Amino acid sequence: MENSKKAALGGTLVFLTVIGVRVGMIYRERHAPEAPIAQPVREKISDDDLVFLKKKRQDKMADTKELVGQPLWVSAGGQMDYYPAQARHVDYSKTSGTLLGAQKLEVKGFTEQVAPAAAAHRVPAGDRQVLMLFTLPGSQTPDKLYGVPVGYHQDDGQYTFYLDEIFFYDDPHDLYKHWGPEIWKAIDDHQVILGMSERQTQMALGQVSKSLSNDYGNRLVVYANLGKPIAVTFVKNKATAFRPDQGF
């Protein structure tokens, strides 16, 4: 009997000890300082990627009317040939030049015209092309009229426009003002300087380019540069070297 009492007392002591330890653990858990919550690592968004570029998505000729009398700036530099125009007729027989990055145009109107095959390498001919009529403010002939293909009409009556891809609707000097005056002077002079990013270099030298690498910002890119190719080396998205290149 005495042994039974001792066993019961021993079991009670063990139980109380376990309870005491558990109570102590709960007390420490409730009164311990909270561990800091790990914050997710967020990818840094560049100032360039924060720039809002308007898109107007025209799908009929009436949609172009709002642009008449307004300025546009070239986004697709080095790609679009333009032609002399008179009234609403564009002379496809000779080019007046190629639109350059960030170049300012003054829109005078839009017209439609059957295009020769030679004028359809950037914008399809369709059954007729849509051409934007414009002048070049600040040029030596600011009142001279030109035309550039910006879309086409199809046999089924549908229009396709490339205005959103060819132009900025706002001045890129303001959109990308964080680039600074030195970079913008180089772009407006259509030259590359050390430290330029790929986007800045493309604006300066044109979009026609080639590279053997897909590692954007860390590669060698050769820009056609209107028949005067320039090879530019980028490291961490900054131009570290450039030279003339004959391999384009």
- With only Lys, Arg, Asp and Glu charged, each at its Cβ (+1 for the first two, -1 for the last two), find how big the charge dipole of region 208-248 is about the Cα centre; round to the nearest 20 debye. 100
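At a 10 Å Cβ-Cβ cut-off, how would you order 226, 145, 163, fewest neighbours first?
Lowest count first: 226, 145, 163.
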- Size of charge dipole - region 50-168 - debye, nearest 20, with Cβ of Lys, Arg +1 and Asp, Glu -1, no other charges: 300
- Paramagnetic label zone (point 7 Å from Cα along Cα-to-C-beta, residue 122; backbone N under 17 Å) in region 208-222: 208-210
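Work out the FRET efficiency for residue 199 and residue 233 from their Cβ-Cβ distance, taking R0 = 22 Å, and round it to the nearest 0.05.
0.90
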- Task: Determine which residues of region 185-218 fall in the zone a paramagnetic label at residue 241 would reach in this model, i.e. backbone nitrogen under 18 Å from the point 7 Å along Cα→Cβ.
- Result: 192-198, 211-213, 217-218
- Task: Pop a pseudo-label 7 angstrom from the Cα along the beta-carbon direction at both residue 86 and residue 54 and give the gap in nm to one decimal.
- Result: 3.4
- Task: Provide 156, 143 in ascending order of the number of other Cβ atoms located within 10 Å of each residue's Cβ, fewest first.
- Result: 156, 143
- Query: Once the piece of chain linking residue 140 and residue 155 is laid out straight, how much longer is it, given 0.36 nm per residue of separation minus the C-alpha distance between them?
  - Reply: 1.4 nm
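At a 10 Å Cβ-Cβ cut-off, how would you order 94, 108, fewest neighbours first? Walk me through the numbers before you get to the answer.
On the way: 94 8, 108 18.
Ranking 94, 108 by Cβ neighbours within 10 Å, fewest first, gives 94, 108.
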- Between the residues 225, 242, 193, the Cα farthest towards the positive end of the dipole of region 180-244, that dipole coming from +1 and -1 charges on the beta-carbon of Lys, Arg, Asp and Glu, is from 242
- Note on the structure: For residue 144, counting only lysines whose alpha-carbon sits under 19 Å away and dropping same-chain residues fewer than eight positions off, the answer is 94, 104, 108
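Taken together, the values in this text are just the output of simple stated rules run on the coordinates, not laboratory data. Fair warning: this is a prediction, and the values are worked out from it, not measured in the lab. Cβ atoms come from the backbone with ideal geometry, glycine included; neighbour counts cover every protein chain shown.
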